[in-house]
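The values are calculated or read from the model by the stated rules, or taken from the named source; none is laboratory data. Bear in mind the structure is a predicted one, so any value in this text is a computation, not a measurement. Cβ atoms come from the backbone with ideal geometry, glycine included; neighbour counts cover every protein chain shown. Ligands, DNA and RNA are excluded from the accessible area calculation, which covers all protein heavy atoms including side chains. Shrake-Rupley method; radii C 1.70, N 1.55, O 1.52, S 1.80 Å.
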Amino acid sequence: MPNFYYPFVMDNTAKITIGEKTYDLNIIQGTEAELALDISSLRRQSKFITFDDGYGNTGSCESSVTFIDGDKGILRYRGYDIANLAENSNFLETSYLVMYGELPNSAELENFSDRVSNYSKLPIEVTQAIKALPLSTHPMGVLASGLQALGGAYPQFCTNNRGHDLESFDEAAALIISTVPTIASTRYRNSLSENMPSPSPSNTYCENFLSMMFGNEDGSGEIPKSVSNALDLIFLLHADHEQNCSTSTCRMIASGGANPFASVAGAVSALWGPLHGGANMAVIKMLNDIHDSGDDGSRFIESAKQGKTRLMGFGHRVYRNYDPRAKILKSACDEALEALGVSSPILSIARRLEEEALKDDYFVERKLYPNVDFYSGIILQALGFPTDMFTVLFAIGRAPGWLAHWKEIAENGKKIHRPRQIYQGSQLRSFIPILDR
Ligand code: ACO
């Protein structure tokens, strides 16, 4: 236990006074000196619960996966700074780190990579289930359904009825990480009435995904390194982000004893919305609209300040500083576009919006900075991904994070997650027969 950082905290307890009575609450301190009041005994002691709409001030768990300091713009996976990982690691190695807590040695990494690549083909029933969905199903809906079908195809890794099955976690996790790109590509190729090449064990994770998405049906053709590296970086930067909406959803589902397939499918649904993972799609739509309207960005900034719209890809519940992932992606964006020989008219609009917003009082006072979605969409578009798949790409990157949190719950979670509420509805009333209403 670290020494207490704040001198006024004399021991591990705080006192809260409500009316005449004072209650003792335990204090929990994190390894980075984060402090929390443990209110788990408050209701029993006082009949009060705490109220925190949107959970902005509520710690839902103790976790050792990811540390964020939103004021300083710090993001670390298992203690490693995101910029350090982005420079030296790759997505699969980082996935291992996120899920198992340590960087793998060569044998561990080879083992893990082999396991992942062994699973990359989908069982035929899962392919059929994906193809049976209406073509108008959003790729995120396809991914969530595909994951449920995947669990059905591997009942041995899906043992809800016995509670958490940690023994099959390694297999289930490799299977999920491996097949989320296959589910996504199957749907994409199906929508074009095309067949896709089978994943090849000699390809890297991202090469296989890009080949399944865009490669020749017979698997011929090379995937440029610059393209697979750019995608790998995007996945790595998305691998985890502590207790965000989708991860909290995953943990919530897992807390009821559900298997990893069901928990990750739920997280996919939670990620879908435009205020969360859907923002990367919304950014491209916003930039295209600005471009098509002939605005140089200034009219859009004004309407965002008036609350008529939001500057998508800006602002974050936790970061009150530049999102460190956006910083990395901003320079990666230039490199990727140059390597691909693509010029993007919306990139200059994005840069201008950023420049204007960062010196505008409205954004400065509210501490609104670019988040990870501001530049990722531009790279994904340049790589050739259709806009409606952007959030799926986020989900592919986030899969190891969700699995790491599932594992944490399976290992340490003692209680089903079940928040309370303040009821504000009608008081007791008598039923009125339908003819009297
Ligand atoms: N554009 C304009 N104004 C904004 C923006 C924005 N992008 N974001 C926040 N604000 C303003 C709000 O209007 C509010 O102003 P007010 O105090 O005058 O009412 C103030 O900043 C605080 O905003 P909240 O919505 O309370 O902040 P919150 O922490 O709840 O929201 C969120 C965070 C949802 C990310 C928000 O900033 C937003 O909608 N951003 C755009 C969508 C986006 O990029 N989402 C991706 C997030 S990152 C991720 O999930 C991967």
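Only one of the numbered conditions (1) surrounded by 19 or more Cβ atoms within 10 Å (Cβ to Cβ); (2) within 16 Å of the ligand (Cβ to nearest atom) is violated by Thr387, and that is (1). Taken over the range 25-59, the criterion of being over 33 Å from the mean Cα position of the chain (by Cα) and surrounded by 14 or more Cβ atoms within 10 Å (Cβ to Cβ) is satisfied by Gln45, Ser46. Could we say that Val142 is in the same structural domain as Ser198 (by TED's automatic domain parsing), part of a helix (DSSP H, G or I), closer than 25 Å to Pro201 by Cβ and open to solvent by less than 40 Å² (accessible area, probe 1.4 Å) here? Judged against the criteria, Val142 is not a match. In the range 259-275, the residue that is surrounded by the most Cβ atoms within 10 Å (Cβ to Cβ) out of those that are within 16 Å of the ligand (Cβ to nearest atom) and part of a loop (DSSP other than H, G, I, E, B) is Trp272. Looking across the range 105-118, the residues that are under 19 Å from Gly401 (Cβ atoms) and crowded, with 18+ Cβ neighbours inside 10 Å come down to Phe112, Ser113, Val116. Taken over the range 96-119, the criterion of being of a type in the set (S, T, N, Q) and in contact (Cβ under 8 Å) with a residue 12 or more places away in the chain is satisfied by Ser113, Ser117, Asn118. Remark: pairs (first residue in the range 330-348, under 18 Å from Phe314 (Cα atoms) and touching a residue at least 12 places away in the same chain (Cβ under 8 Å); second residue open to solvent by 60 Å² or more (accessible area, probe 1.4 Å) and not hydroxyl-bearing (Ser, Thr, Tyr); Cβ separation under 6 Å; 6+ apart in sequence or on different chains) = Ile346/His291. Among the residues of the range 337-344, not a single one is within 22 Å of the chain's Cα centre (by Cα), of a type outside the set (A, V, I, L, M) and under 28 Å from Asn84 (Cα atoms). Every test in (1) away from the ligand (no atom under 16 Å from the Cβ); (2) surrounded by 20 or more Cβ atoms within 10 Å (Cβ to Cβ) is passed by Ile379 save one, and that test is (1).
Just one residue in the set Arg320, Arg351 is touching a Lys or Arg at 6+ places or on another chain (Cβ under 9 Å), modelled with pLDDT under 95, open to solvent by 10 Å² or more (accessible area, probe 1.4 Å) and within 13 Å of the ligand (Cβ to nearest atom); that residue is Arg320. The set of residues in the range 287-303 that are farther than 16 Å from Glu355 by Cβ and either within 11 Å of the ligand (Cβ to nearest atom) or surrounded by 15 or more Cβ atoms within 10 Å (Cβ to Cβ) (or both) comprises Asn288, His291, Ser303.
Considering only the range 119-161, how many residues are of a type in the set (Ser, Thr, Tyr) and more than 21 Å from Lys407 (Cα to Cα)? Looking only at that region, the number is 5.
Please verify whether Asp296 is at pLDDT below 90 and among the acidic types (Asp, Glu), treating the condition exactly as stated. So Asp296 passes the test.
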